């Protein structure tokens, strides 16, 4: 294991301290926690608070999306480990200004359980809380750590859309309805060229040969659906978009957003080449995405790989929300 | 070599095509080139144009910094290879709206020569052109490809400061004077944990043992000044800041900006841990940077490593320029 760090058991606390030191105008750390909340809490007044989080190792998710027009707070669990309910509860309390709090939870059993417990704790305080479980990954059903499908990079688009709606004054019921409308139209598929190493474990989560790739891998090194020799970018894109097409039924009369997401160690050059193949494949179907973003948004430590998220914009307003001006570290 | 790509000889053209497809509202590709210019050229009217660029492989630099309030155009050479004068010339022409064009050149012999030739070509067209050569890397003198010191991540802060000044209406002579004032206060030092592989070469630029780190490495795998066993983040920071202190003579009565830059494959978690150690080291000297940013800004393909840039804010206006609102893909 070759990492820039100090004691492997302190990586999350040191990471949060470094993040807050570097971005004091964006983030404030909640006392006795590794949760961060917007530094300008005054401007959240009267709006529904949005809280997300989960295990660390997916940076910039989720703390990088805390800010004006996006999340109110993010809870940073230990690496690839759900944050504890009390930490989530503190983030909920810090995000409530009377309009209630909405939780955006990636679909991992630990996260779902702990966020739900925190919700119960907050409701005892008369804070109104509702939530969505994001399960955008189409790779496999019932993976390691998951009942159903995993929540991956599409979660960032969920943050963005709900964040814009909350900033524009949507109430808690409206946010919940919006999240439920968006969810079935949001699909992701990823591939890995190498695995991540959890600092406290010290060795990679899986091994791939020098010429091998894994399709459908999760963001915690969970197995995908096939291993084979690395294909050219065009072939990867064709396989991934064919599966996303099966899930979403692409239609040239509809509008789409795409998020091309680097897993951590994959350089932007490769992501842009992949992006070129995505646009070419879609163009052959008479589809030009109306919104796109390419970069590292939901990573898996130093895993090399890429994921492709497609969101069918079933409502014109969702595009406005995606384009809505925000001020965060990482959007 | 394990990369998401198609033909290794087409990586730059496919990268630029992917970038422009994904960000059509930001970037337009100049015909017959791999140079990109702001898509909203109308809003550049009357302002000094800023052009940068160099070999590809440093993404998001420089195309990611093209946009309102920052660069007008970026020229993307082949991987780690200077762009040709004719491509730079096209970028200069596209960036001139009558107020002249300023070139931000990283100090590599090929870049300096080719940007100067392009400047001569543009001057024959009666376009006023001036330039700065950025040589912020304090690691070594006269490296591979360089006479003097190398230009590295500090170049991004130069883009930002000059971009804000140009957007606020500074004329060409004022931009040149500002660049010359900033340059001696801008210093960077980097370390590598692994090397980059140029696609057309197919093997890493150097080899490090599993527990080895190289201090002072360049962004094209140029040698640094020492190899040794990887140290904890705190020790790396102490060595790097001690050298930066020697170069800048830190003074608690002065103000500083810091840029912590990932080299490509180093996850944000490690960058934030490193950031925490940077802030702690400086705090012990009674210095709290007034501006900071952490992330992948000037990379070296999939090299693992980090660089630390410190800018002494000798003029209060530079901080305003750093904080000035911009709209780019990657700032």
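Bear in mind that the values in this text are calculations on the coordinates, not laboratory data. As the structure is a prediction and not an experimental result, all values here were calculated from the model. Cβ placement follows ideal geometry from the backbone for every residue including glycine, while neighbour counts extend to all protein chains displayed.
Could you state the number of Å between the C-alpha centres of region B:154-211 and region A:1-67?
Their Cα centres are 28 Å away from one another.
Can you tell me the order of A:59-72, A:309-322 when each peptide is scored by its average per-residue count of other Cβ atoms within 10 angstrom, highest first?
The packing order, highest mean first, is A:59-72, A:309-322.
Within 10 Å of each Cβ in B:233-245, how many Cβ atoms from other chains are there, averaged over the peptide?
Partner Cβ neighbours, averaged per residue: 1.
Under the definition of partner shielding as Cβ atoms of other protein chains within 10 Å of a residue Cβ, what is the mean value for peptide A:276-289?
Per residue, the average neighbour count from other chains is 3.
Tally the DSSP beta bridges in the protein assembly as shown and give the antiparallel ones as a percent, rounded to 5.
Roughly 55 percent of the beta bridges in the protein assembly as shown run antiparallel, per DSSP.
Report the residue of chain A with the smallest Cβ-to-axis distance, using the rotation axis that brings A onto B, in whole Å.
Chain A residue with minimal Cβ-axis distance: A:265, 2.
Kindly provide the helix-only [θ] at 222 nm of chain B, computed as the sum of -39,500 (n - 2.57) over DSSP H runs of four or more divided by all residues, to the nearest 500 deg cm²/dmol?
-10000 deg cm²/dmol
Which residue fluctuates the most in chain B, going by a Gaussian network model with Cα springs under 10 Å, if the choices are B:122, B:284, B:265?
B:284
Mind ranking A:99-105, A:267-273 by how tightly packed they are, going by the mean number of other C-beta atoms within 10 angstrom, highest first?
Highest to lowest by the protection proxy: A:267-273, A:99-105.
For peptide B:301-309, what's the mean number of Cβ atoms from other chains within 10 Å of each residue's Cβ?
Per residue, the number of nearby Cβ atoms from other chains is 2 on average.
How large is the translational diffusion coefficient of chain A in µm² per second when you combine the Kirkwood radius over alpha carbon pairs with Stokes-Einstein at 4 °C and 1.567 mPa s?
66
Report the convex hull volume per residue for region B:134-266, counting only C-alpha atoms, in Å³.
141
Note down the nm distance, to one decimal, between modelled labels 7 Å out along Cα→Cβ at residue B:124 and at residue B:43.
3.5
Name the most mobile residue of B:171, B:261, B:276, meaning the one with the largest mean-square fluctuation, in a Gaussian network model of chain B with Cα contacts below 10 Å.
Per the Cα network of chain B with a 10 Å cutoff, B:276 tops the list.
Can you list, shortest first and in nm, the gaps between the label point of residue A:288 and those of its counterparts in the other copies, using a point 7 Å from Cα in the C-beta direction?
Ordered by distance, the counterparts are at 4.9 nm.
Over the alpha-carbon set of region B:185-322, divide Rg by the Kirkwood Rh and report the Rg/Rh ratio to two decimals.
Expressed as Rg/Rh, it is 0.99.
Does region A:10-183 classify as rounded, prolate or oblate by the C-alpha gyration tensor (a ≥ b ≥ c root eigenvalues; a/c under 1.5 gives rounded; else a/b over b/c gives prolate, otherwise oblate)?
Taking the square roots of the gyration eigenvalues as a ≥ b ≥ c, region A:10-183 is rounded.
Sorting check: for A:245-257, B:195-207, A:176-188, which peptide has the highest mean count of neighbouring beta carbons within 10 Å, and how do the rest follow?
A:176-188, B:195-207, A:245-257
What is region B:223-276 by shape, rounded, prolate or oblate, if you read a ≥ b ≥ c off the alpha carbon gyration tensor as root eigenvalues and call it rounded for a/c under 1.5, prolate for a/b larger than b/c, and oblate otherwise?
Oblate is the answer for region B:223-276, as a/c is 1.5 or above yet b/c matches or exceeds a/b.
Does region A:26-67 come out rounded, prolate or oblate, given a ≥ b ≥ c as the square roots of the eigenvalues of its C-alpha gyration tensor, rounded meaning a/c under 1.5 and, failing that, prolate meaning a/b above b/c?
prolate
Per the Kirkwood definition applied to all pairs of different Cα atoms, how many angstroms is the hydrodynamic radius of the protein assembly as shown?
Hydrodynamic radius (Kirkwood, Cα pairs) of the protein assembly as shown is 24.8 Å.
Distance in nm between label sites at residue B:290 and residue A:316, each 7 Å beyond Cα in the beta-carbon direction?
About 4.7 nm separates the two model spin labels.
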